[in-house]
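Report on the structure given below.
The values are calculated or read from the model by the stated rules, or taken from the named source; none is laboratory data. If you're wondering where the values come from, they're calculated on a predicted model, not measured in any experiment. FYI the Cβ positions are ideal-geometry reconstructions off the backbone, even for glycines, and counts take in every protein chain you see. Quick note on the areas: whole protein, heavy atoms, side chains included, nothing else; ligands and nucleic acids left out. Shrake-Rupley method; radii C 1.70, N 1.55, O 1.52, S 1.80 Å.
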Amino acid sequence: YRTRDISAITHEKCACGRTLVKMLRPKGRSDDMLKIRGVNVFPSQIESVLIGTEQIGANYQLVVRREGFSDTLEVRVELVDASLLESYGEIERLQKKIMHNLQTTLGIQCKVSLLEPKTLERFVGKAHRVVDLRNEKKVTFRKRGRRKRPLRSRMPCCIELSRHPEHRGDGERG
């Protein structure tokens, strides 16, 4: 299967003594595909919608966040002319038009932020348009009370059947 995930294979011996080949955790992707609420989204799809829209520039940025248990997508777009910012009705109309075009193309709703011209960072070479904030740790404060124990891993690296009560070698059960 060609999943486009970037990973590595290790031949190291497991702590239990097994010598199977193992795949390390994926580090990223070789393409720019994002998975948002179960939908595969490519930045090129978003770019095709934005290029066909008047009054906005060619520079844009995609911000992916995790809110609750679902992912959200924000599309930040620069306006061509700053005078458009003076008319709230025009801004709202343009924003709704872009949101509608993105929803029909992608199949998901996303937030659209219209920015002043030359607000977004310019890049030399390949532009880094995707900002993925899903894995950032939130700073939370615990309530006072009993300290919780850290969670242990539910599954060891290899399962030793001899330790499981149903699979003892002597034929006895639990």
Dipole of the stretch 1-95, positive end: most advanced residue of Met33, Gln61, Ser83 [Cβ charges, Cα centre]: Met33
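With the contact rule set at Cα under 8 Å and sequence spacing of 6 or more, what percent relative contact order holds for the stretch 1-124? Don't skip to the answer; put the middle values down first.
Details: 169 pairs, mean separation 24.7, N = 124.
That works out to 20 percent.
With the cut-off at 27 Å, tell me which of the pairs Lys27/Lys96; Lys35/Lys118; Lys13/Lys35; Lys35/Lys111 have Cα atoms farther apart than that.
On the way: Lys27/Lys96 36 Å; Lys35/Lys118 29 Å; Lys13/Lys35 34 Å; Lys35/Lys111 16 Å.
With Cα atoms farther than 27 Å apart: Lys27/Lys96; Lys35/Lys118; Lys13/Lys35.
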For the pair Leu24 and Phe123, how long in nm is the line joining their label points, each one 7 Å along Cα→Cβ? 2.4 nm
Which whole-number percent is the relative contact order of the stretch 27-79 (Cα, under 8 Å, 6+ apart)? 29 percent
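Roughly how many Å² is the accessible area per residue of the stretch 28-111, as a whole number, for a 1.4 Å probe? If you can, show how the numbers build up before the last one.
Working: 4720 Å² over 84 residues.
About 56 Å² of surface per residue is accessible.
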